[in-house]
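Colleague: Sending over a structure as structure tokens; questions will come in a sec.
We did not get these values from a lab; they are worked out from the coordinates using the rules stated. What you are looking at is a predicted structure, and each value in this text was computed from that prediction instead of being measured. All Cβ positions, even for glycine, are placed from backbone atoms using ideal geometry, and neighbour counts span all protein chains on display.
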Amino acid sequence: MDGGPDNTWTYNALQFATKDAAERVARIFGGTVIDLAEDYNRTPFKMAQPFYHVQVGKTTLNAGLVVNTFLRNPHDVAMRMIKAEIT
């Protein structure tokens, strides 16, 4: 996927959560919101917005993908799927 002439990636709602959404995911799973955009911006691929993740124990969850999991699945199924990823 082309990031444009300056390799800046644009917003994709399936991958990039809002800060409010990331904070809600953190509350649900007992984690902490972190922004990984700065880490990615050290590479040739730049991000034009925050890239919120949630740190739960040793597991880093992409908050946007977690939200999408809840949107696409019944609540109990989404909870099981995400909890299975947390170590």
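Colleague: Using just the Cα positions, wrap the chain in a convex hull and report its mean projected area in square nanometres, one decimal place.
Modeller: 5.9
Colleague: Looking at the chain, identify the longest residue range that excludes and avoids all trypsin sites (Lys or Arg not before Pro) in DSSP loops having at most 12 other Cβ atoms within 10 Å.
Modeller: Excluding the exposed sites themselves, the longest stretch runs over 1-41.
Colleague: Which ³J(HN,Hα) values in Hz, rounded to whole numbers, follow from the phi angles of the stretch 58-64 under the Karplus curve 6.51 cos²θ - 1.76 cosθ + 1.60, where θ = phi - 60° and Gly and Pro get x?
Modeller: Per residue, the Karplus-derived 3J(HN,Hα) values read 8, 9, 10, 9, 6, 4, x Hz.
Colleague: With r as the distance between the Cβ atoms of Phe45 and Met81 and R0 = 41 Å, compute the FRET efficiency 1/(1 + (r/R0)^6) and round to 0.05.
Modeller: Between Met81 and Phe45 the formula returns 0.90.
Colleague: What are the chymotrypsin sites (Phe, Trp or Tyr not before Pro) within the stretch 7-67 that DSSP puts in a loop, where the Cβ has at most 13 other Cβ atoms within 10 Å?
Modeller: Qualifying residues, ordered by number: Tyr11, Phe45.
Colleague: Let me ask something else about it. What do you get for the angle between helix 75-85 and the principal long axis of the chain? Use alpha-carbon atoms, 0 to 90 degrees, nearest ten.
Modeller: Computed tilt is about 70 degrees.
Colleague: Moving on to the next point. Just to check I understand the Karplus step: with θ = phi - 60° and J = 6.51 cos²θ - 1.76 cosθ + 1.60, what whole-Hz values come out for the stretch 30-41, glycine and proline as x?
Modeller: Along the stretch 30-41, the couplings run x, x, 10, 6, 10, 10, 8, 4, 4, 4, 5, 6 Hz.
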